[in-house]
Amino acid sequence: MRSVVLQDDRTLAVMEVPVSALASGYIRVRVSYCGICGSDLHMRSAETVPGGSPVGAVFGHEFVGAVEEVAPDVSQWKVGDRVVAWPSGACGDCAHCRSERFRLCPSRMPNGIGMGKTPGALAESIVIRADRAFAIPDELEDAHAALTEPLAVALRAVSIGSVQREDRVAVIGAGPVGLITALALRAKGIENIVLIEVNPKRAERAREFGFLTVGLDDVGAAVAEGLAGAPSVIMECAGHPSALPMAMEIAAPEAAIVVLGALVEPVSIDTMLILGKELRILGSLGHTPAIFADAIAMLASRAVPADDLITGRMVLEDAERAFDELLDSDTDHIKILLHP
Ligand SMILES: [Zn+2]
Ligand SMILES: [Zn+2]
């Protein structure tokens, strides 16, 4: 089958790879669409990922498809069932997994689908654990279902931040994560939202989705004016070194700051702000199966404008070009889906 494989020179090329046999408990899914995630862009250039060097890796964890083959011991799926998959590598058996703290499972990253070691879905088909597949309802079309994973990331952050309808929410960054987070908040009935974005193109696009946006000029005052008060919740989706210090600066007393943006470098912060305002700084990483199910239901109900988020559909052979386009700060793209 054709797969998009990371080469020695860190480019992506479609290669013919052997179809692996199905172990017990596994199913093979014929991929219809797989979205490209910011983490994929990072892993293409990263020297190492959990589990080793990514050279030879097949990325892709935001996928949808139809069951093509089931192992003899699998009874809950049949050929033709349309599914998405919770792509976590969490084992499901350890103490962390049994208490639903899947992010703490040691096998979460190395065994995560498309995270460098376990082959992902930028391919014609993918083999997954049968118990990680979720059925998608008839009314949810394949392309929209490919947004389940990024929406689940956003919904988990909304849950971690315990965001309520009366909250004043600032979202830092109007890239794909920030935009989907803002849309998830709105779909949950939270209307008082301001996005902070420096890139004029991204800011303009967020306005097209109906959001109020501000830049960095006198940002605290601009956000407070937009929200009619300092933010009680801040979603840090930019992954920029200045974002967390700024969030702490503009936050209302007792605000929750939820960090979703990934940043490798360390950041220095003024801990007196945490004390003085009694801030809660919370990390949100990944999702749980329950939140994955919520994301499917939200997409099926059309509470999130999926068509407006999907800005490109390309074939696997266009993977390299699609990755480059998404890395261009001037891009018009939000989510590109690849299909075999
Ligand atoms: Zn993703
Ligand atoms: Zn585990």
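Points to keep in mind about this one:
- Nonlocal amide H pairs with VAL258, under 5 Å, H built at 1.01 Å: ILE234, MET235, GLU236, LEU282
- Fully extended contour minus Cα-Cα distance, from ARG313 to ASP9, at 0.36 nm per residue: 106.9 nm
- Averaging the Cα positions of each part gives two centres, and for the stretch 103-160 and the stretch 229-246 these lie 27 Å apart.
- The modelled label-to-label distance between ALA303 and SER242, using points 7 Å beyond Cα along the C-beta direction, is 3.5 nm.
- Cross-link reach list, aspartates and glutamates versus LYS188, counting only Cα pairs under 16 Å and skipping chain neighbours closer than eight places: GLU166, ASP167, ASP294
- Mean residue ellipticity at 222 nm, helices only, the chain: -8000 deg cm²/dmol; runs of at least 4 DSSP H residues each add -39,500 (n - 2.57), and the sum is divided by the number of residues.
- Here the Kirkwood formula puts the hydrodynamic radius of the stretch 162-283 at 14.0 Å, using every distinct Cα pair.
- Take the Cα of MET1, step 7 Å toward its Cβ, do the same at MET272, and the gap between the two points is 5.9 nm.
- Computed extension length for GLU16-GLU208: 65.0 nm, one decimal, from 0.36 nm per residue of separation with the Cα-Cα distance subtracted.
- By the rule of a C-alpha distance below 21 Å, with chain neighbours fewer than 8 residues away ignored, the lysines paired with LYS335 are LYS201.
- Taking every alpha-carbon pair under 8 Å whose residues sit at least 6 apart, the stretch 162-283 reaches a relative contact order of 23 percent.
- The distance between label points at LEU41 and GLU249 comes to 2.5 nm (points 7 Å beyond Cα on the Cα→Cβ vector).
- Tail weight of P(r) past 36 Å, computed on alpha-carbon pairs of the chain, percent: 19
- Environment charge of SER242, counting only residues whose C-beta is closer than 11 Å and scoring Lys/Arg +1, Asp/Glu -1: -2
- Relative contact order (percent, whole number), the chain, Cα cutoff 8 Å, 6+ residue spacing: 18
Any read-out appearing in this document is the output of simple, stated calculations on the displayed coordinates, not a laboratory observation. These figures come from a predicted structure and were not determined experimentally. For neighbour counting, all protein chains shown are included, and Cβ atoms are generated from backbone atoms with ideal geometry for every residue, glycine included.
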